[in-house]
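Trainee: Starting off with a structure, shown below.
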Amino acid sequence: MTRRQVNTALLLTALAASCPIQAQPTVPYSITDFDWIDQTRDRSVPARLYWPVVASPDRPVPLVVFSHGIGGSRQGYSYLGKHWSSNGIASLHVQHVGSDSALWRGNPFGVVGRLQAAAQEKEAIARAADVHFALDQLLTDESNRFGAAVNPQRLIMAGHSYGANTTLLSIGAQVVRNGQTIDCLDSRFSAAVIISAPPFYGESNLAAILSKVSVPTIHVTATDDVIEIPGYRSGLEDRLAIFDALVHAPKMLAVFHGGSHSMFTDRSFTGGFSLNAKVKVATAELAVAFFDAVFEGDNAAFVRWENDWYPILAQAQMISGPQLS
């Protein structure tokens, strides 16, 4: 080795000693994708699981099953999955193949028609079946890697937009067609997160539709939360009507100032860049406060959340009952 090589080696050694390599922070969750197929319906049910590293059979965790809005996918709403799993709450994001991101592909002049077709009742029922199937798969997987570490008493249904409609159907909303009651209830869910719920189009008696819902719910929306699909327009008043019609269980409501319908997705700029980022954090934190109230009896978490985020809130309220008292 030449003198120059020796000097270089000594210099590198000195630099390494003075500038130690910093350890990378440990991510408190893992991500696993599933490509399930429901053989009974010949339907693909992709899903993504955000899994807390702290979960184990000795320390079972709550599980959220999340349903995306129209045109979404299992990759969406990642800010919720990451935040919840970082706080010890698993989050399974189900993709609905009849109303997912494939709607945006193909002839652009046919987008509206594809969106309208995806909003039909048949697909709404299929989405609820997707949720039921995905939950079955996770809880009964052959290795029992995940199912054994999920607390079956703390299963939460959640969704945004069309996914909020899927959520309502999954927790007991019913409609009557041709004298037959459409019932998609999955009684395993003990709470629900409802973000930007659209109305039940063509129905006027919300109280009857929602009369069987008996689990605590939290409702999240914004003053400029508007869905603009021809034939399927809805706004804040429709979200509030859903909240008001639920009378048989405790519930919470949070309405943000301004914003937009799609700011609750992973999109970064819609609704205002600054507000968008704040609302995402606030929504993720609010759900955790809701879970504390439902499962731990800690209503103070909601009060603390309201105090932290009051500058961007138009309305917030909690209507308590046995689970939230």
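Trainee: Give the separation of the Cα centroids, the stretch 47-91 to the stretch 126-183, in Å.
Mentor: 14 Å
Trainee: Cα axis of helix 3-18 to longest principal axis of the chain: angle in degrees, 0 to 90, nearest 10?
Mentor: 40 degrees
Trainee: While we're here: Compute the separation of the alpha-carbon centres of the stretch 253-283 and the stretch 198-248 and state it in Å as a whole number.
Mentor: Computed from Cα coordinates, the inter-centre distance equals 19 Å.
Trainee: Kindly rank 213-222, 296-305 from highest to lowest mean number of other beta carbons found within 10 Å of each residue. Walk me through the numbers on the way to the answer.
Mentor: Values: 213-222: 23.7, 296-305: 15.3.
Descending mean neighbour count gives 213-222, 296-305.
Trainee: Hey, what number do you get for the chain at 222 nm if only DSSP H runs of n ≥ 4 count, each worth -39500 (n - 2.57), divided across all residues, to the nearest 500? Intermediate results must be reported in sequence, preceding the final value.
Mentor: Numbers: 9 runs with 104 residues, N = 325.
After summing the helix terms and dividing by the residues of the chain, the value is -10000 deg cm²/dmol.
Trainee: Taking R0 as 22 Å, what's the FRET efficiency between D266 and L139 from their Cβ-Cβ distance, rounded to 0.05? Each step should come with its number before you reach the end.
Mentor: Details: r = 27 Å, r/R0 = 1.22.
It comes out at approximately 0.25.
Trainee: Considering only protein heavy atoms and a 1.4 Å probe, what is the carbon-and-sulfur percentage of the accessible area of the chain? Walk me through the numbers before you get to the answer.
Mentor: Working: 8300 of 15250 Å².
Using a 1.4 Å probe with all protein chains present, the chain comes out at 54 percent carbon and sulfur.
Trainee: Here's something else I'd like to know. Which semi-axis lengths, in whole Å and largest first, follow from the square roots of five times the eigenvalues of the Cα gyration tensor of the stretch 127-209? Don't skip to the answer; put the middle values down first.
Mentor: Numbers: eigenvalues 149, 36, 21 Å².
Equivalent-ellipsoid dimensions as semi-axes: 27, 14, 10 Å.
Trainee: Amide H neighbours of D141 under 5 Å, counting only residues 5+ apart in sequence or on other chains, H built in-plane at 1.01 Å?
Mentor: G147
Trainee: Still on this model: Listed here are the pairs K122/K278; K122/K251; K251/K280; K82/K212; which of them are more than 24 Å apart at the Cα? Numbers along the way, then the final one.
Mentor: Details: K122/K278 36 Å; K122/K251 29 Å; K251/K280 20 Å; K82/K212 32 Å.
In this structure, K122/K278; K122/K251; K82/K212 exceed 24 Å between Cα atoms.
Trainee: Per residue, how much space in cubic angstrom lies within the convex hull of the C-alpha atoms of the stretch 203-251?
Mentor: Dividing the Cα hull volume of the stretch 203-251 by its residues yields 78 Å³.
Trainee: Count the DSSP beta bridges whose two residues both fall in the chain, then state the antiparallel fraction as a percent rounded to the nearest 5.
Mentor: Details: 26 of 53 bridges.
Among the beta bridges of the chain, antiparallel pairing accounts for roughly 50 percent.
Trainee: Same structure, new question: Please give the per residue accessible area of the chain, computed with a probe of 1.4 Å over protein heavy atoms only, in Å². Don't skip to the answer; put the middle values down first.
Mentor: Numbers: 15250 Å² over 325 residues.
Per-residue value: 47 Å².
Trainee: Here is a further query. Measure off 7 Å from each Cα along the Cα-to-Cβ vector at S187 and R43, then give the distance between these two points in nanometres to one decimal.
Mentor: It works out to 2.2 nm between the two label points.
Trainee: Which whole-number percentage describes the relative contact order of the stretch 26-90, with Cα contacts under 8 Å and a sequence gap of 6 or more?
Mentor: On the way: 84 pairs, mean separation 23.3, N = 65.
Computed value for the stretch 26-90: 36 percent relative contact order.
Trainee: Just to be sure I understand, if you calculate P(r) over Cα pairs in 20 Å bins from 0, in percent for this structure, which of (1) 27, 51, 20, 2; (2) 31, 54, 10, 5, 0; (3) 36, 61, 4, 0 do you get?
Mentor: (2)
Trainee: Over the chain, what is the mean sequence separation of C-alpha contacts under 8 Å (at least six apart), divided by residue count, expressed as relative contact order in percent?
Mentor: Values: 622 pairs, mean separation 42.3, N = 325.
Computed value for the chain: 13 percent relative contact order.
Trainee: Let me ask you something else. Output ³J(HN,Hα) for the stretch 70-84: one whole-Hz value per residue in order, computed from phi by the Karplus curve 6.51 cos²θ - 1.76 cosθ + 1.60 with θ = phi - 60°, and x for Gly and Pro.
Mentor: Residue by residue, the stretch 70-84 yields 4, x, x, 7, 5, 6, x, 6, 5, 5, 6, x, 5, 5, 5 Hz.
Trainee: Classify the stretch 201-325: rounded, prolate or oblate, from the alpha-carbon gyration tensor (a ≥ b ≥ c, eigenvalue square roots; a/c under 1.5 rounded; otherwise prolate if a/b is larger than b/c)? Could you put the intermediate results ahead of the total?
Mentor: On the way: a/c = 2.31, a/b = 1.07, b/c = 2.17.
It comes out oblate by the Cα gyration axes.
The values are calculated or read from the model by the stated rules, or taken from the named source; none is laboratory data. Everything numeric here is computed off the predicted structure, so don't read it as measured data. FYI the Cβ positions are ideal-geometry reconstructions off the backbone, even for glycines, and counts take in every protein chain you see. Surface accessibility is based on the protein's heavy atoms, side chains included, excluding ligands, DNA and RNA. Shrake-Rupley method; radii C 1.70, N 1.55, O 1.52, S 1.80 Å.
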